[in-house]
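Quick notes on the structure that follows.
Rule-based calculations on the coordinates, nothing more; no lab input. Being a predicted model, the structure only gives us computed values, none of them experimental. Cβ atoms come from the backbone with ideal geometry, glycine included; neighbour counts cover every protein chain shown.
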Amino acid sequence: MKKKAMFYKRLDDDKVHCYLCPHNCLIKEGDLGKCSVRLNEEGSLFSTNYGQVTALSLDPIEKKPLKFFKPNSKILSVGSFGCNLTCSFCQNYSIAQFTDYHSHSQQVSVRELSDTVFNTSDNIGVAFTYNEPSIWYEYVFESAKLIKERDKNKSVVLVTNGFISEEPLKELLPFVDAMNIDLKAFSNEYYENICGGRINPVLKSIEIAAKECHVEVTTLLVTGENDNLEEIEDLSKFLGSIDRDIPLHLARYFPMYKMDNPPTNIDLMYEAKEIASKHLNNVVLGNV
Ligand code: SF4
């Protein structure tokens, strides 16, 4: 279903400027933005994945991963398709990197999603995950707002790459309880070459979000790309400068999608944990 997008401006000759994320796409009439899910139709911008659900599942909160937010609970997890980054190692590439998903997704209205959240037993709320929630913005925003209006104790969680502009992030945060934000590396070169993004907006998102809700950070250590201990120490120092209590998940990488480097060395994972623990109180290893 198409829905009029938020956070864009109409320009001359039917072009639009989308400023939902730091790509700041200028989109010609009939074209999509870099995320491939926002379409310029006659000078208006539309979200094309609004309400299109590809996956819905009741997951343990630890699977998000959130280790220090309502532990041992379960959360209804929902996702659509599309992403604004193009990571070569994408773990969810089948839904994140392919956008011709309309025939494989089901339309779920905001009210239906909210009813499912409330009718699912043993469920603390909703987690927007699987694909990038920030480019599913209109649906995520409306759903989160409605769920909070119905019961402010229901939890709203985002599992995100953090590559979102400040204004939309700040507008969404009042309805969000917890986030897991990927910090893919501590180098802009890595973001540009491997993920098709930039690091600074992600660092800013972590800083902003950490003031407003529970934040945990995940870094996938990719062999030969971002697994040097100096970089891991710099990354941990940055997080520690915001708050030493921000949990950091150091996740082991396995070959996936376009990346065939060997899996992360296990001994290095333990060394990385030791180094990161100099700056942070809660460092957790994942996939080991
Ligand atoms: S959300 Fe999509 S269209 Fe908008 S700026 Fe980001 S990549 Fe471009």
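Tabulated results
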read-out: Projected label distance in nm at residue 204 and residue 229, using a 7 Å step from Cα toward the beta-carbon; value: 3.5
read-out: Compactness of region 3-47 as Cα Rg over 2.2 N^0.38 Å, two decimals; value: 0.93
read-out: Around residue 2: net Lys/Arg minus Asp/Glu count, Cβ-Cβ under 13 Å; value: 0
read-out: Column: log10 I(q)/I(0), Debye, Cα scatterers of region 198-288, q = 0.24, 0.25 Å⁻¹; value: -1.23, -1.28
read-out: FRET efficiency for residue 212 and residue 120, using Cβ-Cβ distance with R0 set to 25 Å, rounded to 0.05; value: 0.45
read-out: Fraction of alpha-carbon pairs over 29 Å apart in region 132-288 - percent; value: 20
read-out: Links that overshoot a 26 Å alpha carbon limit, given the list 34/63; 63/211; 2/67; 70/273; value: 34/63; 2/67
read-out: Radius 12 Å from Cβ of residue 45, net charge of other residues (Lys, Arg +1; Asp, Glu -1); value: +2
read-out: Cut-off under 5 Å, modelled amide H: who pairs with residue 286 long-range; value: 250, 251, 252
read-out: Antiparallel %, DSSP beta bridges [both residues in the chain], to 5; value: 45
read-out: Rule-of-thumb Rg ratio for region 8-95 [Cα; 2.2 N^0.38 Å; N residues]; value: 1.40
read-out: Theoretical ellipticity at 222 nm over the chain - DSSP helices of four or more residues, -39500 (n - 2.57) apiece, nearest 500; value: -7500 deg cm²/dmol
read-out: FRET efficiency for residue 58 and residue 2, using Cβ-Cβ distance with R0 set to 25 Å, rounded to 0.05; value: 0.30
read-out: Antiparallel DSSP beta bridges within region 1-115, percent to nearest 5; value: 100
read-out: Overall Cα dimensions of the chain, principal axis frame, Å, largest first; value: 54, 45, 33
read-out: Cβ-defined net charge surrounding residue 160, 10 Å radius [Lys, Arg +1; Asp, Glu -1]; value: -2
read-out: Rounded to whole Hz, the Karplus (6.51, -1.76, 1.60) HN-Hα couplings of region 180-196, x for glycine and proline; value: 10, 10, 6, 10, 5, 5, 10, 8, 5, 4, 4, 4, 5, 7, 9, 10, x
read-out: Estimated inter-spin distance, residue 192 and residue 67, nm [label 7 Å along Cα→Cβ]; value: 3.3
